[in-house]
Amino acid sequence: MKEEFGDGTGEACFLFSHTHWDHIQGFMYFEPFYRAGNKVQVVARGSHDKRLQQVFAGQVESDYFSYGLGGLKADLSWRGVQEGDCFEVGPYKISTVRLNHPGIALAYRVDYGEKSFIYMTDTAPYDDQLLGEGFHIRKPDTDPKILAQIETYGAQVEEFVKGADFLLYDTFFTLDQYKANPHWGHSTPDEGIRLARQGGVPRFYNYHHHPEAWDDDLEGRTRDYQCRLGGSDLEIGLAREGQSVDI
Amino acid sequence: MRLRFWGVRGALAATGAEFQRVGGNTPCVEVRDRDDELLILDAGIGAYWLGRQLLSGPHGRGQGKATLLFSHTHWDHIQGFPFFVPAFIPGNDVRVFGGGVDHLEDTLEGQMDPTYSPLVSLSNLGAQVEIGGLEENPVLEVGAMRVTHATFPNGPHQVVGYRVEEGDRSLCYICEVDHPPDGLRAEVVELARGCDLLIHESYYTDEELDSLPPNLSLAGELGPPPAGHSSYGQATSVALEAGVKRLLYFYHHPDREDDAVDAQIAAQRARVAAAGATLEIESAREGTEIEI
């Protein structure tokens, strides 16, 4: 608000991985929304733009919030997208891929000039389950069509990260936690590091930390993973509030 | 009665070193009677940490009971409910009341809708969850505790204030309320009358409240319209007017750093002393246990 958004001349675009509560709860508290003139585009997975607006309006129905979307003064536009869509936001080229999460989440790849950044949360690895509209765990009698989908979507994710400069990834779980809760739709550093190495991504950052992963745990784990990689060039980092990263 | 604060912050969780002494989780208060019977006031993010703690006792074995009372159903008061682990454990018994709406079950069902939550439906909670109405329960018994309430308008919404009594001890919980500009909301003063402990929201400072332009909030013309909140000074006034013994300020603004909360309390103490009153005042702080 100290810059152009304070003058009502700001422009911004939000990309939402999905609309589960922890990802949208700050929406109504974004101050630039309360200055007329600001232009904000909201992008999330949705069958159509109007549906997306309904989802955000539903978040602030009178049972849940003091006022509705009508209380926002900025010029908001809604853009429902699907996995596989590519579009542009200002100078950024954005592409999307389907993630393995209840209700389906999207990862975004942002290409700008020669540089590219991937935002990939919330997702389980595509190994033993398919999450989305339904819920399938790999069993001896699992429908081969489901197994084929797991395979296909997994390959799409691998292809998606290929050659990116930076991967910000859902590392909610340790390996043991993941094994106990594979259906939650969250992943581990192990899977993220595998994707980064296989895709030739030089920088991997842990993100979407578990609420009970204390600072010391996260720092210790990050060091351990870096050590385990030995001489590899892959940088393993920890996303921290307030930190900025140049790509 | 014993109580413990698991969340004392209003609107949004506040993270960072500046909020560690007061605490950053949204509202949740644990209340216990002499037999350890459990009553919970609001289920902000603090309810997650309360739930984790409960797992080491009967709630971890599916033998626990809890009664959860909502002041209202705005997000910061219910956002911890889907993360309250005892509600997922078969055998546990969770009773839920309040919210100031006549359709609490629908409201909570809407919270679990697959658009917003992986839980999809209340029916996926493993515990026995019973959602009851306060109208049929003007006096609610929770173990040795007796709960009464007052419902009052707050802007377009209804909010429920609670009074909990055990023997001759009493506490009153008010979160949130917007007092009229020229006085105090009578229902609130009446509910708090003579209680041992008053927990009263204090989202704003007096200066912020005075300088709110019509339809605009703390951030002045840059912020959202007022949600209907009160100030530290109004909380003190309620406590003095109602003859309360002890007041804890609660539901601090997410921007209010520890030092700023301390400064507010120091100013209110000066006011209480100048008035020659014996009212004891402090901030509710996460993790603090209080015996009444």
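Here is how the numbers come out for the structure above:
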{"read-out": "Qualifying lysines (Cα of each under 18 Å from Cα of A:Lys2; at least 8 residues distant if same chain)", "value": "A:Lys39, A:Lys73"}
{"read-out": "Region B:31-147: Rg to Rh, with Rh as the Kirkwood radius over Cα pairs", "value": "0.94"}
{"read-out": "Whole-Å distance, taken between Cα centres, linking region A:143-216 and region B:229-292", "value": "47"}
{"read-out": "Net charge of neighbours whose Cβ lies under 9 Å from the Cβ of B:Pro27, counting Lys and Arg as +1 and Asp and Glu as -1", "value": "-2"}
{"read-out": "In region B:49-146, GluC sites (Glu not before Pro) in a DSSP loop with at most 14 other beta-carbon atoms within 10 Å", "value": "B:Glu135, B:Glu136"}
{"read-out": "Residue mean of other protein chain beta carbons inside 10 Å, A:143-155", "value": "0"}
{"read-out": "Charge-dipole axis of the protein assembly as shown as Lys and Arg at +1 and Asp and Glu at -1 on Cβ define it, positive-most pick from B:Ala13, B:Ala87, A:Phe33", "value": "B:Ala87"}
{"read-out": "Debye, to nearest 20: dipole size of chain A, +1 on Lys, Arg Cβ, -1 on Asp, Glu Cβ", "value": "460"}
{"read-out": "Nearest-20 debye value, region A:154-194 charge dipole, Cβ charges on Lys, Arg, Asp, Glu", "value": "80"}
{"read-out": "Convex hull volume per residue in cubic angstrom - Cα atoms of chain B", "value": "127"}
{"read-out": "Value of relative contact order over chain B, rounded to a whole percent, pairs C-alpha under 8 Å and six or more apart", "value": "19"}
{"read-out": "Euclidean distance between Cα centres, region B:87-160 to region B:1-77, Å", "value": "15"}
{"read-out": "Positive-pole candidate from B:Thr26, B:Gly161, B:Leu125, dipole of region B:2-291, charges at beta carbon", "value": "B:Leu125"}
{"read-out": "Chain A: relative contact order in percent, alpha carbon pairs under 8 Å with at least 6 residues between", "value": "13"}
{"read-out": "Cleavage-rule hits, GluC sites (Glu not before Pro), region A:100-186, DSSP coil, Cβ neighbours within 10 Å at most 14", "value": "A:Glu114, A:Glu133"}
{"read-out": "Cα principal axis extents for region A:112-178, largest first, Å", "value": "47, 26, 19"}
{"read-out": "FRET efficiency, A:Lys39 to B:Val139 (Cβ-Cβ, R0 45 Å, nearest 0.05)", "value": "0.25"}
{"read-out": "Between helix B:258-274 and chain B: long-axis angle, C-alpha atoms, 0 to 90°, nearest 10", "value": "60"}
{"read-out": "Per-residue Cβ neighbour rank within 10 angstrom, fewest leading, A:His48, A:His101, B:His229, A:His183", "value": "A:His48, A:His183, A:His101, B:His229"}
{"read-out": "Beta bridge orientation in the protein assembly as shown: antiparallel %, DSSP, nearest 5", "value": "50"}
{"read-out": "Dipole-positive endmost among B:Gly287, B:Val177, B:Ala277 within region B:2-291 (Cβ charges, Cα centre)", "value": "B:Gly287"}
{"read-out": "Per-bin percent of Cα-Cα distances, chain A [10 Å]", "value": "7, 28, 34, 23, 7, 1, 0"}
{"read-out": "Counted charge near B:Ala277, where neighbours are those whose Cβ lies closer than 14 Å (Asp, Glu -1; Lys, Arg +1)", "value": "+2"}
{"read-out": "Within 10 Å of each Cβ in A:20-26, the average number of Cβ atoms from other chains", "value": "5"}
{"read-out": "Rounded to 10°, Cα long-axis angle of helix A:144-161 versus longest principal axis of chain A", "value": "70"}
{"read-out": "Spherically averaged projected area in nm², based on the convex hull that wraps the Cα atoms of the protein assembly as shown", "value": "26.0"}
{"read-out": "Equivalent ellipsoid, region A:133-247 (semi-axes from 5 times Cα gyration tensor eigenvalues, Å)", "value": "27, 18, 13"}
{"read-out": "Sum of side-chain charges, A:Tyr92 neighbourhood, beta-carbon under 15 Å (Lys, Arg +1; Asp, Glu -1)", "value": "-2"}
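The numbers here are math on the coordinates, done by the rules we state, and not lab data. Here the structure is a predicted model, which is why all the values come from computation and not from measurement. Positions of Cβ are generated from backbone atoms using ideal geometry, with glycine treated the same way; all protein chains shown enter the neighbour counts.
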